[in-house]
1. Return the whole-Å distance between the Cα centroid of the stretch 264-281 and the Cα centroid of the stretch 151-209.
2. Can you find, among V82, H131, M99, the residue farthest towards the positive end of the dipole of the stretch 82-133? Put +1 on the C-beta of Lys and Arg, -1 on that of Asp and Glu.
3. Under 5 Å between amide H atoms, partner at least 5 residues away or on a different chain: which partners does C50 have, H built in plane at 1.01 Å?
4. Listed highest first by mean packing, meaning other Cβ atoms within 10 Å per residue, what order do 276-284, 41-49, 218-226 come in?
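Just so you know, all these numbers are worked out from the coordinates, no wet-lab data involved. This one's a predicted model, so the numbers in the text were calculated from it and none came from an experiment. No Cβ is skipped: glycine too gets one built from the backbone with ideal geometry, and neighbour counts run over all protein chains shown.
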Amino acid sequence: MVAITRACIFIAMVILTIVSMCTTYLSLQQSVLPGPAMPIPIPGGAVWRCSVLALGLSVAIGMMLFALKFAIIDEQKKLNVVGVIGLTIVAFISIAFNMDVFYRWADKEFFLRYSTAQVKDTYSKYQAEVHAKLTDRKQELEKAVALQEGELESEILGLRGAPEGYGVRARAEDYTLTKLQKTTQVELASINEALAAKREADTLLASDMPQSLDEVAALQDKLRVTAKDAGAVVGVPLPSPVKQDNPLFAVFAKLFDLKSVGFKELFILAMSFFLDLGDIIGYSLVPNRPKRTRRQVFEAKPLFGDPEIIFANPVDSVKRLENANPDEAGQAGIERVDGQSVQEAGSTQPPARRAGRSRRAIRFRRF
């Protein structure tokens with residue numbers, strides 16, 4: 001069963017590694033490394049323009065992750081919390097490419113909408129700033145004319161110290177009003193033209209979404225032409241042209257925008273992690289088989305082999321051991337260490353008959 005389990009894990013790792021290599025290549029080829037490209041003919045008359053650098057990098061990343069995961073499964077590496085974090089960091093590059101490809105496949109118009117929104121948002125803010133300043137300036141001019149008209153009317157009605165009627169002071173106020181009206185008419189005309197240009201730009205901003213990135217660029221050009229006249233009246237410079245972001249970075253900005261994250265973004269993130277780390281994490285979550293404890297029977301043996309008995313007279317000792325019974329043979333080689341009650345090894349007589357004779361030492365040694 002262990003071999004079958006490892007074979008299934010190995011096949012799954014190979015399949016997931018191949019898919020991960022493909023997603024990494026697609027993301028690199030479309031976002032970071034489009035060239036140099038090598039035309040490769042495909043059966044059926046088609047030609048595949050293979051990006052050499054993107055293909056090499058995707059294969060290298062896939063093989064590196066495969067080798068790391070296979071070493072863990074083969075028990076050459078231990079996977080703990082630090083190992084999971086380290087493997088995640090190593091796999092982060094490939095996971096990022098997976099997120100890019102998965103999200104743009106799940107939402108094919110995402111990058112077009114993202115690019116269009118960037119252009120429209122930039123010029124919408126610009127138009128709002130210009131409109132606010134144009135409106136304020138127009139109100140200032142109109143208030144100045146209205147104030148002067150009020151001065152003239154007050155002099156005619158005699159609301160001041162002068163008598164009622166169109167007198168000297170009324171003619172002076174009328175003269176000031178006439179000059180103010182003439183000067184403000186010119187500025188008001190330019191403001192009205194700027195407001196008309198602003199309304200035209202608003203129409204462009206409210207138009208339908210472009211169908212391609214080229215149409216997004218054309219929309220930006222039209223907005224810059226119509227918006228520059230309105231901004232020039234109040235001295236607001238045009239914003240810098242909006243450059244189209246890299247699709248990879250656009251997907252990252254979308255996925256990590258906490259205000260717009262939903263179920264789709266979380267699902268794409270989980271799928272990206274599963275493609276590169278799902279096999280090894282799943283393998284690590286399976287508990288190990290408990291080890292069976294076996295009782296072992298040990299036989300007590302001397303540390304340095306059997307003891308060796310050396311007698312003083314070898315010839316007599318052999319004869320003594322051959323004629324004696326096992327109990328007497330065992331007792332024949334025993335002596336006290338302090339020299340008391342020593343039996344003579346060379347005699348064949350029983351110990352009781354040789355009580356009065358001197359006894360030679362029998363030494364008991366261990367090696």
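1. 66
2. The listed residue farthest towards the positive side: H131.
3. Excluding prolines and chain starts, which carry no amide H, the hits are M38, I40.
4. 276-284, 218-226, 41-49
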